[in-house]
Amino acid sequence: MQQNKNQLYPIFLKAHLLDIVIIGGGYVALEKLTFLLKSSPNANVHLVATFFRPEVLKLIAANNLTRTQKAYDPTDLEGRSIVVGATDNEQVNIQICQDARAKKMLVNIADNPPLCDFYMGSIVTKGHLKIAFSTNGKSPTLAKRLRQFFEEIFPENVHELLENLNTYRKTLKGDFEYKVAHLNDLTQSIMTKKEIS
């Protein structure tokens, strides 16, 4: 296995179909919740914390989320799909990770890569187009800069192009292989024309 190669497998989750719990109510929880809702505004999220910052409470109310004000215990993971540990107590975060892994849940512990099954990367969203960047936890700043760059170069109307390609794809006859080959040729010609102009 190459040590200098990013081994992460990127996936796009339907967060509204999952039960996500964030343990924590401070600045780190605010950052995680904001990031999640920016990309998935209808995400199904419950928060558990002994204290919630006013900004977190505002997001909870604005997005019709649920919360429980109490100290963490393993029962907070019952029925959940994903847990994000965002407390300011390292021992609690370690316990959250251990409990989640015992239940075969995906876990992300803020600012502690060894305790993460996944990272929340930088994301560009333009209509139906979504691009995620990962530096394997090495440089979130570079991932942020890449996101900013691609947000600028992709036009807002790329959504229309995707809709038109989807409509055209539905008119194609033939098997999957034929459709893929035909759409590859079409999108190649689009990119070539864009480079020329």
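The values are calculated or read from the model by the stated rules, or taken from the named source; none is laboratory data. These figures come from a predicted structure and were not determined experimentally. Ideal geometry is used to build each Cβ from the backbone, glycine not excepted, and the neighbour counts take in all protein chains shown.
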Which condition does residue 106 not pass, out of (1) over 16 Å from residue 49 (Cα atoms); (2) modelled with pLDDT under 95; (3) not small (Gly, Ala, Ser), if it passes all the others?
(2)
Residue 93 - would you say it is in the same structural domain as residue 30 (by TED's automatic domain parsing) and either assigned to a strand (DSSP E or B) or under 22 Å from residue 28 (Cβ atoms) (or both)?
yes
Return the residue satisfying two criteria in turn: it lies in the stretch 20-52 and is touching a Gly at 6+ places or on another chain (Cβ under 6 Å) and part of a loop (DSSP other than H, G, I, E, B), and of such residues it is farthest from residue 73 (Cα to Cα).
52
Could you tell me which of the residues 59, 17, 36 is touching a residue at least 12 places away in the same chain (Cβ under 8 Å), exposed (fewer than 13 other Cβ atoms within 10 Å of the Cβ) and out of contact with any Phe, Trp or Tyr (no Cβ under 8 Å at 6 or more places or on another chain)?
17
Collect the residues in the stretch 90-105 that are touching a residue at least 24 places away in the same chain (Cβ under 8 Å) and among the charged types (D, E, K, R), keeping them in residue-number order.
99, 103
Note: among 87, 68, 135, 75, just one is without any contact (Cβ under 8 Å) to a residue 60 or more places away in the chain and either assigned to a helix (DSSP H, G or I) or surrounded by 16 or more Cβ atoms within 10 Å (Cβ to Cβ) (or both), namely 75
Residues satisfying the stated conditions in the stretch 53-65, i.e. at negative phi and not in a helix (DSSP H, G or I)
53, 63, 65
Could you check, for the stretch 51-63, whether at least one of its residues is in contact with a strand residue (DSSP E or B) (Cβ under 7 Å, 6 or more places away or on another chain) and polar (S, T, N, Q)?
no
